[in-house]
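See below for the structure under consideration.
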Amino acid sequence: MLVEQSMLALLHTFEVSARHLSFTKAAEELFLTQGAISQRIRRLEELLKFKLFIRLTRKLVLTPEGEQLLQALTSSLQQINEVIEDIRFNELRGMLCIGLPSAFGQLWLMPRLTSFKTMYRSLDLLFYGQHGLPNFETEPVDMAVYYGNASLPHLHSWPLLEEWLVPVCSPEYAASHGLLSEDKTDFRKCSLLHCTESLEQFEFGYEWQHWSQATGVVLPHTNRKYVFNQHAMALEAAKHGMGLAMGRWFLAMPAVLRGELVVPVDYKIPSGMGYQLFCSREHVQRPRYQAFAQWLQRTIQEWEEIKEASLSAEHPFIYSDHGIEPDADCVCELP
């Protein structure tokens, strides 16, 4: 007699009942009633044309045929589990291609990638620097980190974190321009550094304008501009005293912690955008995709909690996207 598909659920019920030698415990594990369990066992016995249990007053006992069937099922399930583990092991080998914004990769991901390789030694990673999302059907990219606010229902996404904006500059630049004075922050002699990375769909100067509107600090039009298409370049220019960069806090924070950059004005606002990890929906359950996504989410969360705590006393930032009271003496004006 061949095992039909309809019999698989009955065999599963038998395996659980035989393992517990109790219809009551089997019902609890399978979220069924005791009567439903008993009915399934009777149906299976009818199909097999032999008894599986001896029903005593207070317990169940397997018949010799039941013992033999249980051994076969146990062996088969063990073999299935071994095959599944082999598939998962092979899935965690080979290459995973990841697209990501260059600043995210350079400033944050690369210094932390060793922990992933320690956990998944047989999985190789290939990185592509890119600002927008790739076409997963035509480009050799398996997953992609994306900075923005797009909703893409045809793709699967893992949320990573929301980004914040805050001006940053070098300690020397802040000192020479009087930006660390407690009673007044004067931007009138400062140069603004602009970044266009991942902002191609917005007008020029979007991040500075967004910050200005949220804080009330006026940014008059000027023909003097320093423009970079990579956020890492803008931060590097700020480190070398070229001016004030609008820092994306997740990326600028490491340099602030190292003392390479300072925050001259404590207005930290939501950027309105964040980081997400995308992949094609058909691959979302593959172990190698899950491994990288879960590691990245966990690593970001742990790092964010530790670093924010270490800065909370030194920089009492405003964490609200509304109700910000601008400093009357905070001026941003270029000659």
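Bear in mind that the values in this text are calculations on the coordinates, not laboratory data. Since the structure is predicted, the reported quantities are computational estimates derived from the model, not experimental observations. As a convention, Cβ positions derive from the backbone with ideal geometry for all residues, glycine included, and neighbour counts pool all protein chains shown.
Tabulated data
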{"read-out": "HN-Hα J in Hz across segment 118-126 - Karplus 6.51, -1.76, 1.60, θ = phi - 60°, x for Gly and Pro", "value": "5, 7, 10, 5, 8, 9, 8, 10, 10"}
{"read-out": "Interchain or long-range residues, amide H under 5 Å from F228's placed H", "value": "H194, C195, T196"}
{"read-out": "Two-site label geometry, E172 and V227: point separation in nm, points 7 Å out along Cα→Cβ", "value": "2.8"}
{"read-out": "Ascending count of other beta-carbon atoms within 10 Å, so fewest first, for M233, M7, M119", "value": "M119, M7, M233"}
{"read-out": "Sequence of H177, H231, H156 once ranked by neighbouring C-beta atoms within 10 Å, starting from the fewest", "value": "H156, H177, H231"}
{"read-out": "Gain in span if fully extended, R286 to T118, counting 0.36 nm per residue against the direct Cα distance", "value": "58.5 nm"}
{"read-out": "Pairwise FRET efficiency - F31 versus S75, Cβ, R0 = 25 Å, nearest 0.05", "value": "0.40"}
{"read-out": "Rh by Kirkwood over Cα pairs, then Stokes-Einstein D for segment 163-271 at 1.306 mPa s and 10 °C, µm²/s", "value": "115"}
{"read-out": "Lysine-lysine proximity count for segment 106-263, Cα under 28 Å, sequence distance 8 or more or distinct chains", "value": "5"}
{"read-out": "Theoretical gain in end-to-end length, Q201 to H12 [0.36 nm per residue, Cα-Cα removed]", "value": "62.6 nm"}
{"read-out": "Ranking of W303, W208, W249 by count of other Cβ atoms within 10 Å, fewest first", "value": "W303, W208, W249"}
{"read-out": "Cleavage-rule hits (trypsin sites (Lys or Arg not before Pro)) in segment 75-145: DSSP loop, at most 11 neighbouring Cβ within 10 angstrom", "value": "R121"}
{"read-out": "Computed label-point distance, nm, for sites M95 and Q301 using a 7 Å Cα→Cβ extension", "value": "3.2"}
{"read-out": "In order through segment 264-273: 3J(HN,Hα) via Karplus (6.51 cos²θ - 1.76 cosθ + 1.60), integer Hz, x for Gly, Pro", "value": "x, 9, 7, 10, 10, 10, x, 6, x, 9"}
{"read-out": "Computed E for E46/H154 - FRET, C-beta separation, R0 45 angstrom, nearest 0.05", "value": "0.40"}
